[in-house]
Amino acid sequence: VVVDGCTSAVSSTNVSITNIPNVPAISSNGPLCEGAALQLTSAAVPGVTFIWNGPNSFTSNFPNPVINPVTLNNAGQYSLYLVAGVCTSDVATLDLVVNPNTETTITHEMCSGESYTFAGNNYGHSGSYSIIVPNSYGCDSVITLNLTVHPNPEADFSAPVNVSLGNPLMQVYDNSFNASNVIYLFNGTIINQADWDYTFQNEGVYLITQIVSNGDCRDSLTKEVNVNPYTNIFIPNSFTVNDDGLNEEFKVIGSYIEEFEMSIFDRWGELVFQSNNIYEGWNGGFKNDLGKVMKQDTYVYKIKYTEFKGEKKQIIGHVNLLR
């Protein structure tokens, strides 16, 4: 510096100039599924400090930081700027998408022998199965399949095939197998008892349907019950052969009889009359021959008959022939 012709001493200083870092180029391996490893990447720049910031309070000074594993909270915008001395680059940003994994539970019940198909596989036994398939984001969808296989029930019950109105009580007993629930359809009603009885009032054909279930598995069985008229039979103990036109024959009176046979014996066991026709009576003659009249006495009869669609019966008794 020169002042009034005088020159000052010379003074000097050193000045350092630092270039402002360029905006960094950054990238990531996203989008990601939760649970994967996030890799953030930037170009190598010597002599600078890396300042990363991101969601979930993320910070890092590494050029290529890693977050492992990522969660849904790690989704969002990440930024990086570089610091060289007192100089700072502009901020580079990227948006990271983290897609969710999903968990689902499926409960299914089926019958023995059936098959449940899911994701291309067939399942036929009770158990809990873990199945992994891609969800709509391409991430893991963990599906828990809870499968219950019920044994198939078998319907069966006992009921009479024929019932007579002379003994109209019907008893029904459950003989089903593997059934957790038993109902019957009978005469327009639903019966919720396994064993039951019913007293018929009218003849006819009745259907009994048993429906058994075990979970959603069902079986049914229908049986027919024939309710037959009451077989009634009347056997007199005496008859008079005296030509008065009254009670001249020993004759059985019956209703609803299918088969009939009557045999009459004298006191020495000789057969004196036999017929298979209920409408034919004994007139007191030997084998109904009035030319061979039998004496007044007590005779033994043996009557065999079959009730209408029912049991075979036999009656042995005595009849008095009076003259």
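The values are calculated or read from the model by the stated rules, or taken from the named source; none is laboratory data. For clarity, every value in this text was computed on a predicted model and none was experimentally measured. All Cβ positions, even for glycine, are placed from backbone atoms using ideal geometry, and neighbour counts span all protein chains on display. Heads up: the accessible areas ignore ligands, DNA and RNA and are worked out on the full protein's heavy atoms, side chains in. Shrake-Rupley method; radii C 1.70, N 1.55, O 1.52, S 1.80 Å.
With every protein chain in place and a 1.4 angstrom probe, the accessible-area ranking of 273, 177, largest first, reads 177, 273. Run the 1.4 Å probe and let me know the accessible area of residue 72, rounded to the nearest 10 Å². Accessible area of residue 72: about 90 Å². Computed extension gain for residue 316 through residue 205, at 0.36 nm per residue and net of the alpha carbon distance, reaches 36.6 nm. Each Lys and Arg adds +1 at its Cβ and each Asp and Glu adds -1 at its Cβ; summed about the Cα centre, the chain shows a dipole of about 280 debye.
Summed over the residues of the range 86-215 and divided among them, the accessible surface reaches 57 Å² per residue at a probe radius of 1.4 Å.
Quick one, which of (1) -0.45, -0.75; (2) -0.60, -0.86; (3) -0.22, -0.61 is the actual log10 I(q)/I(0) by the Debye sum over Cα atoms at q = 0.06, 0.10 Å⁻¹ calculated for this model? Comparing each candidate, only (2) matches the computed number. Extension gain for residue 156-residue 20 works out to 39.6 nm (0.36 nm per residue, less the C-alpha to C-alpha distance).
Cross-link reach is defined here as a Cα-Cα straight distance under 16 Å, omitting same-chain residues fewer than 8 places apart; for residue 223 the aspartates and glutamates meeting it are 154, 156, 174, 195, 197. Rounded to whole Å, the principal axis extents of the Cα atoms in the range 54-103 read 50, 17, 16, largest first. When the C-alpha to C-alpha distance is required to be over 24 Å, the pairs from 292/313; 287/309; 251/312; 251/295 that qualify are 292/313; 287/309. When the alpha carbon gyration tensor of the range 187-322 is reduced to an equivalent ellipsoid, its three semi-axes come out at 50, 14, 11 angstrom, largest first. For the range 8-153, the carbon plus sulfur part of the accessible surface works out to 50%, probe radius 1.4 Å. Taking amide H as placed 1.01 Å from N in the peptide plane, residue 96 has its amide H under 5 Å from the amide H of 76, 77, 78, each at least 5 places away in sequence or on another chain.
Rounded to the nearest whole Hz, the Karplus-based 3J(HN,Hα) values (6.51 cos²θ - 1.76 cosθ + 1.60, θ = phi - 60°) of the range 29-36 follow the sequence 8, x, x, 10, 8, 4, x, 7, with x at glycine and proline. Other residues whose C-beta falls under 14 angstrom from the C-beta of residue 32 contribute a net charge of -3, scoring Lys and Arg +1 and Asp and Glu -1. Heavy-atom surface analysis with a 1.4 Å probe gives the range 181-323 a carbon and sulfur content of 47 percent of its accessible area.
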